[in-house]
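Some notes on the structure that comes next.
The values are calculated or read from the model by the stated rules, or taken from the named source; none is laboratory data. This is a predicted model, so every value here is computed, not measured. Heads up, the Cβs are rebuilt from the backbone with ideal geometry, glycines too, and the neighbour counts pull from every protein chain shown.
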Amino acid sequence: MVLKPIGQKSFSFWSRRLFSSILRDRYGFVAPSTLVPETGNSTSTEVNGIVKKKKKKEPYRPPSSLDMSGKKIMHSELPFDFRFSYTESNPKTKPIGLREPKYSPFGPGRLDRSWTGVCAPAVDPVLRSVELDNFNEAEKGMEDWRRKRMKILGEPPTPAERRFLVDKCQKHRTKRDGLTHNMLNDIHNNWRHAEAVRIKCLGVPTVDMKNVCDQLEEKTGGLIIHRHGGQIILYRGRHYNSKKRPVIPLMLWKPHEPVYPRLIKTVIDGLTVDETKEMRKRGLAVPALTRLGLGSLYTCDF
């Protein structure tokens, strides 16, 4: 039999137990409830004989832009169709296919417009009744938007006001996607602090600046008061009120571009595939009239 020495910690523990039992037997001492450790998660506390219940904390949930619980569906009164880019796509050109399912880039259940894979139309594309004409409804909405725009613009700025706005306006740049939908919200945010905003177009949008200017005035409701090359000064108007600005829902991601028909046809109209290949072979066999070099200019006399 091996006797182990009693350690200092075990001795203090047993002495404390013995002393507490003597107090309880002799004086009937009972520790109050505030000093007794409770096991488990307590939801109530007693203060001066009054029991107060504590509210349970909800588990932490990281914020998410896709969580629409308790949020209302956004509604925008803008009469035009929402597209990712207004300058790099032509509404008249119809796609022949989609690269992905029709997932709305505004997020599920955040907008009261349906996503067709190309745009979010202002008018429901589904014809609910034969008596209703969606085309006339869309034209009426655009006319109301133009009439409201003219009221906000008011009188055109004088030459002195134009020079002042050109010197004091803020800067904003367009990227290779041109005039995107989220840029409309950025322009209105800048109009809250300044009467005009400077937009600098870079890359592909500079090829057709007339289309960029028309889309800017139509989609934002502003007025272009100065243009030099790829730089545009967009004026908000005399009667612009930032508190009454239109609701512009933001796109959360860039949608995939649909499949459009080829610009260069593989088959000539009126010919079959074999006849087109034969014509190309004949064209390659014809001797070249002249050869062009870098930085040179050649003229041909026929």
Exclusive hit being over 23 Å from residue 118 (Cα atoms), crowded, with 19+ Cβ neighbours inside 10 Å and of a type outside the set (Phe, Trp, Tyr), set 166, 197: 197
Given (1) within 28 Å of residue 212 (Cβ to Cβ); (2) at pLDDT below 80, number of the condition residue 131 does not satisfy: (1)
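When you look at residue 118, is it at pLDDT below 85, under 29 Å from residue 254 (Cα atoms), hydrophobic (A, V, I, L, M, F, W, C) and under 24 Å from the mean Cα position of the chain (by Cα), yes or no?
no
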Pair list, Cβ under 9 Å, 6 or more apart: the range 88-108 residue assigned to a loop (DSSP other than H, G, I, E, B), other residue among the basic types (Lys, Arg): 88/176; 89/83; 91/83; 104/110; 104/113; 105/254; 106/113
Cβ pairs under 6 Å, 6+ apart, first in the range 211-231 and farther than 23 Å from residue 83 by Cα, second among the aliphatic types (A, V, I, L, M) and surrounded by fewer than 21 Cβ atoms within 10 Å (Cβ to Cβ): 225/233; 226/166; 226/233
Checklist (1) surrounded by fewer than 18 Cβ atoms within 10 Å (Cβ to Cβ); (2) aliphatic (A, V, I, L, M); (3) part of a loop (DSSP other than H, G, I, E, B) applied to residue 251, failing item: (1)
Looking only at the range 204-223, and only at residues there that are farther than 13 Å from residue 179 by Cβ and touching a helix residue (DSSP H, G or I) at 6+ places or on another chain (Cβ under 7 Å), the one that is surrounded by the fewest Cβ atoms within 10 Å (Cβ to Cβ): 223
Residue satisfying all of: in the range 258-292; without any contact (Cβ under 8 Å) to a residue 24 or more places away in the chain, aliphatic (A, V, I, L, M) and outside any loop (DSSP other than H, G, I, E, B); farthest from residue 96 (Cα to Cα) among these: 285
